[in-house]
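Read the structure below first, then the notes.
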Amino acid sequence: MGSQPGYREDAVRPDKGLPLVDLRLETEVESFQQNDRNVTIEVRTPTGLETVVADYLVVAEGSRSRLRNEILNVRMEGNADLARSFSGK
């Protein structure tokens, strides 16, 4: 879950054809709570707050993820600009 302004949705939808994947663009996780059965996630969308209940929450926002840094308090180890090494930028 992350905000991806300016991206074409059909170019960044690896979940097409995967009925168990719920990829949400233009969203931001406000908070989440986990128990022994699922994860309840409060998500800010362009139309307001939504509550999502899921089996898993996958954080795939990269090294500067607000969710990873501020909410989960998991620090980045290694080179935060690793993608630039491969893209040549």
Next item on the list: Quick one: in region 24-36, of everything that is without any contact (Cβ under 8 Å) to a residue 12 or more places away in the chain and more than 23 Å from Met76 (Cα to Cα), which residue is surrounded by the fewest Cβ atoms within 10 Å (Cβ to Cβ)?
Entry: Asp36
Check: How many residues does region 53-64 contain that are under 15 Å from Glu26 (Cα atoms) and modelled with pLDDT of 80 or more?
Finding: 0
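The values are calculated or read from the model by the stated rules, or taken from the named source; none is laboratory data. Predicted model, so just to flag it, every value in this text is computed and none were measured. Neighbour counts are summed over all protein chains in view; Cβ atoms, including those assigned to glycine, are modelled from backbone coordinates with ideal geometry.
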